[in-house]
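Report on one structure; see the data block that follows.
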Amino acid sequence: MAEILEIRGLTKTFAADVQALKEVDITVNRGEFLVLLGLSGSGKSTLLRCLNRLIEPTSGDIYFDQQRTTDLQGAELRAIRRKFGMVYQQFNLINNLSVLVNVISGNLGRMGFWQSVFPLRNKELVSRAKENIARVGLSDFTHTRVKNLSGGQQQRVAIARALMQEPEVILADEPVASLDPATADTVMQYLGKLNKEDGITIICSLHFLSLARKYGSRVVALKNGELVFSGTPDMIDETRFQAIYGEDAQEVEIR
Ligand SMILES: Nc1ncnc2c1ncn2[C@@H]1O[C@H](COP(=O)(O)OP(=O)(O)OP(=O)(O)O)[C@@H](O)[C@H]1O
Ligand SMILES: [Mg+2]
């Protein structure tokens, strides 16, 4: 499999005593569904945000399709950022606006000023937004205000919004952490579908090992900013589980 991302010696120091990432090396292959595990504070969000340079690494390098992204600026940096769609735990939608307008807003980074003022006049944009809304099963809610949707439906809107920039990678930072287990599973199924049917590479941080097992083609785990595991989900036995979550952790509590 061809690699899409190469992370080498990635280190992020926020303050002398806050080393969020320590010399992390990860290779991500195109088409993988990579699950990122680790306790709160282990560095998951920092890692995801370093990938599209929302956070500047302190040292180390990231290569996207063999292009070093570390020093890119201006138009080149924006071009790299567009390859990543982001999905967050707190959906980050505009609650008073419709599903359609929220999804279209995912394209704002690519639009000129007038287009962004009157986005609904752009037929091509509207039809692309509707396609993406259909891909997450929300066609019946196209004109519904986001605040009237359930949490799971809102997260699917956020996924449709991320699709507007036609990303090669979706970075999902605990996308199901605020959802109940059944709804979480539905949202994960949509991410799984985009991964399988569209070949979009997914990097997704999760708290639940059960979801990592079900959806991940590979798992990497961080502990105190260090990479402590990389392998297939079925390789996580009790010993490895404790290496990731600490000796006192019991699997039943994390599920
Ligand atoms: N902007 C910041 N300034 C200072 N310290 C930060 C900043 N962002 C993160 N940190 C620290 O870096 C470490 C890693 O944080 P990070 O948010 O990446 O962890 P996480 O694994 O995403 O945790 P969670 O599961 O709670 O979201 C923590 O010690 C955190 O306090
Ligand atoms: Mg986080």
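The values are calculated or read from the model by the stated rules, or taken from the named source; none is laboratory data. Just so we're clear, the structure is a prediction, and the values are computed from it rather than from any experiment. Please note: Cβ atoms are built from the backbone with ideal geometry, for glycine as well, and neighbour counts cover all protein chains shown. In case anyone asks, the SASA skips ligands and DNA or RNA and just uses the protein heavy atoms, side chains included. Shrake-Rupley method; radii C 1.70, N 1.55, O 1.52, S 1.80 Å.
Take the Cβ atoms of GLU166 and ARG8, set R0 to 25 Å, and the FRET efficiency comes out at 0.40.
Among ARG68, ARG161, ARG82, the largest mean-square fluctuation in a Gaussian network model of the chain, built with springs joining Cα atoms closer than 10 Å, belongs to ARG68. Think of the chain as having a plus end and a minus end, set by charges on the Cβ of Lys, Arg, Asp and Glu; of PHE64, ASN107, ALA221, ASN107 sits farthest toward the positive end of this dipole.
For GLN67 and GLN189, the FRET efficiency from 1/(1 + (r/R0)^6), where r spans their Cβ atoms and R0 equals 35 Å, is about 0.60.
The label-point distance for GLU76 and ALA249, in a model that sets each label 7 Å from Cα toward Cβ, rounds to 3.9 nm.
For the chain, what class follows from the C-alpha gyration tensor (a ≥ b ≥ c being the square roots of its eigenvalues): rounded when a/c is under 1.5, otherwise prolate if a/b is larger than b/c, else oblate? Because a/c hits 1.5 or more and a/b fails to exceed b/c, the chain counts as oblate.
Here the Gaussian network model covers the chain, with springs between Cα atoms less than 10 Å apart; of THR239, THR183, THR27, THR239 fluctuates the most.
The heavy atoms of MET235 present about 70 square angstrom of accessible area, all protein chains included, probe 1.4 Å. Taken one residue at a time, the phi angles of the stretch 59-71 give Karplus couplings (6.51, -1.76, 1.60, θ = phi - 60°) of 7, x, 9, 10, 10, 10, 6, 6, 8, 6, 9, 4, 10 Hz. Gly and Pro are set to x. Taking 0.36 nm per residue of separation and subtracting the Cα-Cα distance, full extension of the segment from SER40 to GLN242 would add 71.2 nm.
Largest GNM mean-square fluctuation among GLN90, GLN155, GLN73, using the chain with Cα springs under 10 Å: GLN73.
Pairs of lysines in the chain whose Cα atoms sit within less than 25 Å of one another amount to 21, provided the residues are eight or more positions apart or on different chains.
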